[in-house]
Amino acid sequence: MSDSTKNKGAETMEQDNNLTQCVCEFCGQVLEVDEKVMADANQDIKIAASLICDCDEAKRFKRQYMLSKKGIDMVDNVCGRRSGRPLEADLVRLLHNGVSLIVRNQAVGITLNVSPKEKVELKLGNKGIKCSRTVKETRVDEFRT
């Protein structure tokens, strides 16, 4: 192996012409992935291989991985640092875990009441995981006689 060989865990990958060789953990097929796929996989060769392999298990993994990634991005946009009013980091992590539960079909939806007047809901919709944050508005009407 050349100097451009990298080792991550027990898996070995070899880089050549901006392509990385990796092995699908589901079917054992040897694949070559480019830098974009490696970036999508956070530089993890097991994930990268699963994202491009065409075996049934890898396709299922890819669907869940991408759904989870998009769901976590949605939570970050609505409740995390990218939102106008971020929630505490522990609550955001709890919502990230909720995304994982929904993706793995262990929950249909999750509602988190972050205060008596505010809640965050996670649901699986046709286009992915939906994250909504609502604040109840209390309206006081006074009647005098």
Revision key, fill the gap. Correct semi-axes for the range 66-135, from √(5λ) of the alpha-carbon gyration tensor and rounded to whole Å with the largest first, are 18, 13, 11
Study note, to complete from the structure: The simple spin-label model distance between K123 and T111, using points 7 Å out along Cα→Cβ, in nm, is 1.1
Exercise for review: Run the numbers on the range 85-145 and let me know its relative contact order in percent, using alpha-carbon pairs under 8 Å that are six or more apart.
Suggested key: 21
Review point. Can you give the net charge of the other residues whose Cβ lies under 15 Å from the Cβ of D90, counting K and R as +1 and D and E as -1?
Key: 0
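No lab work stands behind these numbers, since they all come straight from the coordinates. These numbers were taken from a predicted model, which means no experiment stands behind them. Reconstructed Cβ throughout: ideal geometry from the backbone, glycine too, with neighbour counts over all protein chains shown.
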